[in-house]
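Here's the structure, in structure tokens; my notes come after.
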Amino acid sequence: MTILIADDEQAVRDFLTTAIDWQGAGYELYEAENGRAVIDIMESRQIDLAIIDITMPVMNGLEVMEWIDSHKYPCVVSFLTCHDEFEFAKKAIRTGCYDYILKNEITDETFLELVKGMSQAASEEAKKKQQYAILETAALRNRQQEIGSRIHYWLNHDGDALEEMETLLKEELGFFKEGQNIVLLMIQIVNYQAVVQRYTNNDNVHFFALFEHTLREQLGEKTYFLLPNEMGDFTIFLGFEKKMPLHGVIAEVCEVAEVLNNSPLGIQSRVRYSLPFSNIRECHTIYRRMKELEPLAFYPLQENTLCISDYITDGEECRKFLEEFGSRFQEELQSRNMAQIEICYDTAVTQIAQNLYNIRPAEFIHRCETCIHEFLLQCSLAGEMPVAEPYREFDSSREYKQSIMDKIRGYCVPDDTQE
């Protein structure tokens, strides 16, 4: 516990600072010769107890007490006073100080008794604040859970309650204010069960608190809200100023993802994010399309962080196309006509590649070519046929496509030749 003794008379300070074995009693002692020095010390460190002379140069004791009150500085204060300042001292009591002591009546015993009483008062006040903080934290957590449940339901079901959600996101969470853009991040923790088992003994609530703490340390003062979707899957609403350039937003999002991948918890995650938007209706639409395209968006590419806004722009069209392709491909498989199957396959790959070229930079397409083939194959073979082995490494997309076609041929051997 820290204690400060302030008096403009050196003799008084000498007596009070030697009246008690401060270090042996567990106190860290500070001295000041005027009110300004008291405030300077308090601004640089936490002072738990302060015994201050009422009449001092530069700033008197009452002025120091006014500063303490106005700054809500947590400190138990007692005043030193003389007989002719008695009325002044009673006024000081009304300002909220703990007690006062007459200088000409100070003894080692009375001073020690005063310090003990102040210490007990400081401990009780600290305990009250701790209890209040626990209750406040619990209430805040409950409120956040309630907000999270309402947002989760709105995103996944009730997309029409725009006005209610706009009020909630703006007034309680600070989103969609003037001059702000929002980015949605979807995080899939790959090793979720292992992490929860190792660090929180399968306590999902405790893990969520640790995960949020990691996120808060990284984001600092930024506006964000962490929304759990299901075990190991999270959505983060992240606010950015509109004046922030796009490359700056992307860099910060990637930095967040990198921290989550390399945090002390050993989290291995895949992070997919949207480009910035500023409209509440866009929020609902983008979230739903990110979820609809989850099999494609979370497909294991070479990098753990990927912007999927380009898929979202025509998400409905993409989903419809894949469904139609899957149905058409299954029909061709039933016919066992290899030529028609290859035409169907090539047509689908060409169409998807063309769409991607129109909305994505060429360097991304180069990384996605083999992913497209594998994804199409998995769509076509889901259910009725075994899913192909995951892509590992091939010299070119041509060689990889050939390996896929060989697998398809294996499924299309005429019945009379099968063993």
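We did not get these values from a lab; they are worked out from the coordinates using the rules stated. Here the structure is a predicted model, which means the values were calculated and not measured. No Cβ is skipped: glycine too gets one built from the backbone with ideal geometry, and neighbour counts run over all protein chains shown.
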Pairwise label distance in nanometres, S123 with N204, each label 7 Å out on the Cα-Cβ vector: 4.2
Highest to lowest packing among 196-208, 174-186, scored as the average C-beta count within 10 Å: 174-186, 196-208
Length gained when the stretch N191-F111 is fully extended (0.36 nm per residue, less Cα-Cα span): 22.7 nm
For peptides 144-157, 241-254, sequence by mean Cβ density within 10 Å, most packed first: 144-157, 241-254
Extension gain (nm, one decimal) between E241 and V259, 0.36 nm per residue minus Cα-Cα: 4.3 nm
Virtual spin-label span in nm between R150 and E9, 7 Å along Cα→Cβ: 6.2
When each of K127/K222; K72/K116; K222/K291 is checked by Cα-Cα distance, pairs over 29 Å: K127/K222
